[in-house]
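S.K.: Below is a structure I'd like to ask you about.
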Amino acid sequence: KGTIASRIVKTYGMPHIVVGDLLRHNIQQKTESSRTIKEHIDKGLLLPDDLVLTFVVDELKKLGDRGFLLD
């Protein structure tokens with residue numbers, strides 16, 4: 001999946017949004033949500049959709065009208 005994604009990104013020059021990277025970045029930055037994220041990950045639980053969507057929507061807002069590849 002990562003190999004194909006990197007080829008698509010390179011060919012079409014679009015940003016590659018990786019949800020796992022967004023979550024790890026928030027944990028490293030010690031954001032308000034980082035404790036919740038870390039607790040779920042440590043327990044092996046799925047994160048609530050609304051929390052994940054918050055990160056994805058925030059990232060998409062930064063891109064404006066540009067295309068993207070969501071992974």
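S.K.: When Lys and Arg each count +1 and Asp and Glu each count -1, what net charge do the other residues less than 15 Å away from Ile41, Cβ to Cβ, add up to? The partial results should precede the final answer.
M.R.: Numbers: positive: Arg24, Lys30, Arg35, Lys38, Lys43; negative: Asp21, Glu39, Asp42.
Computed value for this residue: +2.
S.K.: Tell me, what HN-Hα J-couplings in whole Hz come from the Karplus equation 6.51 cos²θ - 1.76 cosθ + 1.60 at θ = phi - 60° for each residue of segment 15-20, using x for Gly and Pro?
M.R.: x, 10, 9, 10, 4, x
S.K.: Here's another thing I want to ask about it. Where does the chain land at 222 nm, in deg cm²/dmol rounded to the nearest 500, when only DSSP H runs of n ≥ 4 count, each adding -39500 (n - 2.57), divided by all residues? Before the final figure, lay out each step's value.
M.R.: Working: 4 runs with 46 residues, N = 71.
Theoretical 222 nm ellipticity from helices: -20000 deg cm²/dmol.
S.K.: Considering the options Gln28, Gly13, Gly67, tell which one lies farthest towards the positive end of the dipole of the chain, charges being +1 on Lys and Arg and -1 on Asp and Glu at the Cβ, about the Cα centre.
M.R.: Going by the charge dipole, the pick is Gly13.
S.K.: Here's another thing I want to ask about it. Hey, which aspartates and glutamates would be in cross-link range of Lys1, C-alpha to C-alpha under 18 Å, not counting anything within fewer than 8 residues on its own chain?
M.R.: Those aspartates and glutamates meeting the cut-off are Asp21, Asp71.
S.K.: Sticking with this one: Under the Karplus relation 6.51 cos²θ - 1.76 cosθ + 1.60, θ = phi - 60°, what is the ordered set of whole-Hz ³J(HN,Hα) values for segment 34-41, x standing for Gly and Pro?
M.R.: Per residue, the Karplus-derived 3J(HN,Hα) values read 4, 5, 4, 4, 4, 4, 5, 5 Hz.
S.K.: Next up: As a quick test, which of the pairs Lys10/Lys62; Lys10/Lys30; Lys30/Lys62 have an alpha carbon distance above 24 angstrom in this structure?
M.R.: Pairs exceeding the cut-off: Lys10/Lys30.
S.K.: Just in segment 17-71: which GluC sites (Glu not before Pro) are loop by DSSP and have at most 10 other Cβ atoms within 10 Å?
M.R.: Glu32
S.K.: With every protein chain kept in place and ligands, DNA and RNA left out, what is the accessible area per residue of the chain? Probe 1.4 Å, answer in Å².
M.R.: Value for the chain: 77 Å² per residue.
The values are calculated or read from the model by the stated rules, or taken from the named source; none is laboratory data. Since we're looking at a predicted model, the values are computed, not measured. Because the Cβ atoms are built from the backbone with ideal geometry, glycine has one as well, and the counts that use them run over all protein chains shown. Ligands, DNA and RNA are excluded from the accessible area calculation, which covers all protein heavy atoms including side chains. Shrake-Rupley method; radii C 1.70, N 1.55, O 1.52, S 1.80 Å.
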